[in-house]
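Chemist: Questions regarding the structure given below will be posed in turn.
The values are calculated or read from the model by the stated rules, or taken from the named source; none is laboratory data. On a predicted model such as this, the values are computed, not experimentally measured, just so you know. Note that each Cβ is placed from the backbone with ideal geometry, even for glycine, and that neighbours are counted across all protein chains shown.
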Amino acid sequence: MKARPERSCIACRRKGKKGELIRMTDSPAGVIIDYAEKLPGRGAYVCPERECMEKLLKPGGGGALSRALKRDVAPPAREAFYEELSAKIKRKVSALLGMARKAGLAEYGFDAALGAARKAPGGVMVVSDDLAENSRRRLLEKINGDVSSIYNFSDKEALGAVTGASGPVGIIYVRPSELSHSLAREITLLLKVSGG
């Protein structure tokens, strides 16, 4: 397997593999987040840690960004930055859930998700934000350590659309796999970005 290039966070100088840091690039509209790392041009990288992002976004934080991009730029507006980053992460989480479904790694619905967790423990459980409290409590009582992580994400309508179900879906289990690890990483980042 080919080694992934390393990059440095412009706020703390910590090194990380490409994909572990958030890439930003300059555009005619200003500095934008290149979450997919596909846009042309010079990039600047920041850790997915709230402290590093805050350091970059504060007034005067554009100095490190200007040095990395090799031209004078202003840091992105704080609220706009977090909104844009959250939206991009949510799209990636939805795409990962869809890929898991297509790969046969995801089960949805209370009984199917619970059964899959018991047969293949160690995966990731995704629970809709609007799942009934009674269902959430029953789920927590029954999983018995079969799940490595439980995350709240989106609403039942959106999860239903991601799974291709004919209606709303409150619970999705993704069996242990590279996809479940990526899913956990993205949702964890979303929690950091949203301050949760």
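Chemist: Please work out if L96 is buried (at least 17 other Cβ atoms within 10 Å of the Cβ), touching a residue at least 24 places away in the same chain (Cβ under 8 Å), in the same structural domain as A184 (by TED's automatic domain parsing) and within 22 Å of L191 (Cβ to Cβ).
Modeler: The answer is yes for L96.
Chemist: Among L105, L139, which is surrounded by 16 or more Cβ atoms within 10 Å (Cβ to Cβ), assigned by TED's automatic domain parsing to the domain that holds S182 and closer than 21 Å to S166 by Cβ?
Modeler: Among L105, L139, only L105 is surrounded by 16 or more Cβ atoms within 10 Å (Cβ to Cβ), assigned by TED's automatic domain parsing to the domain that holds S182 and closer than 21 Å to S166 by Cβ.
Chemist: Working only within the stretch 110-148, note down all residues that are under 12 Å from I172 (Cα atoms) and of a type in the set (S, T, N, Q).
Modeler: Matches in the stretch 110-148: S128 only.
Chemist: May I ask you to list the residues in the stretch 39-61 that are assigned to a strand (DSSP E or B) and of a type outside the set (G, A, S)?
Modeler: Y45, V46
Chemist: Which helices (runs of 4 or more DSSP H) does the stretch 96-169 wholly contain that include 1 or more residues that are of a type outside the set (F, W, Y) and more than 22 Å from the chain's Cα centre (by Cα)?
Modeler: Because the criterion is at least 1 residues that are of a type outside the set (F, W, Y) and more than 22 Å from the chain's Cα centre (by Cα), the helices (runs of 4 or more DSSP H) in the stretch 96-169 that meet it are 110-119, 133-142.
Chemist: Related question: Tell me the residue from A64, A103, A3, A36 that is modelled with pLDDT of 95 or more and of a type in the set (A, V, I, L, M), please.
Modeler: Residue meeting the stated conditions: A103.
Chemist: Residues that are in contact (Cβ under 8 Å) with a residue 12 or more places away in the chain, over 30 Å from E54 (Cα atoms) and surrounded by 14 or more Cβ atoms within 10 Å (Cβ to Cβ): does the stretch 72-91 have at least one?
Modeler: No, every residue in the stretch 72-91 fails to be in contact (Cβ under 8 Å) with a residue 12 or more places away in the chain, over 30 Å from E54 (Cα atoms) and surrounded by 14 or more Cβ atoms within 10 Å (Cβ to Cβ).
Chemist: For the structure I just gave you, tell me whether S66 is among the hydroxyl-bearing types (S, T, Y) and either surrounded by 15 or more Cβ atoms within 10 Å (Cβ to Cβ) or farther than 30 Å from A161 by Cβ (or both).
Modeler: Here the answer is yes, as S66 does meet what is asked.
Chemist: Out of the residues in the stretch 1-20 that are in contact with a helix residue (DSSP H, G or I) (Cβ under 9 Å, 6 or more places away or on another chain) and assigned to a loop (DSSP other than H, G, I, E, B), state the one that is surrounded by the most Cβ atoms within 10 Å (Cβ to Cβ).
Modeler: I10
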